[in-house]
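The structure under discussion appears below in the form of structure tokens.
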Amino acid sequence: MDTAAERNLIRDVSRDVLAQLAPNELPLFTTISAAWFADPQAAQKASRNGDAALGFGPDPFSVLFAPLVLQVVSELLPMLGNIALKATETVIGEEVSVAVRKMFRHGDADAPADAAPILTSKELGEVHRHVIAAGKRLRIEPAQAQRLADAVVAQFVMPDK
């Protein structure tokens with residue numbers, strides 16, 4: 001986590017995923033995420049050891065899901081950053097072409113509309129597979145990893161509230 005913007009993004013997406021999968025943890029989310037961001041290295045080590053577990057439901061002995069969600073979402077940032085970078089390069093390349101074209105033929109080409117990069121189906125599949133793989137590594141039950149992956153992908157395709 002290099003920047004406050006990245007931390008905010010991880011926190012926001014994780015909170016939205018948690019609201020879908022474990023809404024009972026939302027009252028604790030601010031405290032949990034602050035602790036997680038204070039020492040993500042420790043959280044990563046803990047998530048990789050044999051004690052990592054996942055609990056859903058009202059069982060008071062369930063392990064909190066929020067740290068796992070924060071971990072998975074944080075691991076997605078580099079991949080999503082690369083996707084955004086490629087999309088930005090494409091848009092910039094198109095804008096450069098339009099600008100150069102306008103130098104030779106004034107008004108012959110329209111600039112593309114400004115739009116946020118949207119993940120393609122293939123890229124959404126990559127996100128989904130990455131979450132499933134992270135779930136496997138974190139020893140999340142396959143059905144629960146599938147729910148987590150579905151919830152994370154939903155954050156990229158659902159319209160804002």
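The values are calculated or read from the model by the stated rules, or taken from the named source; none is laboratory data. Bear in mind the structure is a predicted one, so any value in this text is a computation, not a measurement. For neighbour counting, all protein chains shown are included, and Cβ atoms are generated from backbone atoms with ideal geometry for every residue, glycine included.
Restricting to the range 90-110, count the residues that are modelled with pLDDT under 85 and either surrounded by 10 or more Cβ atoms within 10 Å (Cβ to Cβ) or hydroxyl-bearing (Ser, Thr, Tyr) (or both).
13
Which one of the conditions (1) surrounded by 12 or more Cβ atoms within 10 Å (Cβ to Cβ); (2) more than 18 Å from Val152 (Cβ to Cβ); (3) at pLDDT below 80 does Pro117 fail to meet, given that it meets all the rest?
(2)
Cβ-Cβ below 8 Å, separation at least six or inter-chain, first residue in the range 145-157 and at pLDDT 90 or above, second among the aromatic types (Phe, Trp, Tyr): which pairs?
If the second residue must be among the aromatic types (Phe, Trp, Tyr), no pairs are left.
Quick one: Asp12 ticks every box in (1) at pLDDT 90 or above; (2) surrounded by 14 or more Cβ atoms within 10 Å (Cβ to Cβ) bar one, so which box is it?
Going through (1) at pLDDT 90 or above; (2) surrounded by 14 or more Cβ atoms within 10 Å (Cβ to Cβ) one by one, Asp12 breaks only (2).
Within the set of pairs 6+ apart or on separate chains, which have a first residue in the range 27-46 that is within 12 Å of Leu68 (Cα to Cα) and surrounded by 15 or more Cβ atoms within 10 Å (Cβ to Cβ), a second that is aliphatic (A, V, I, L, M) and at pLDDT below 75, and C-beta atoms under 6 Å apart?
That search, which allows pairs on different chains as well, returns Trp36/Ala43.
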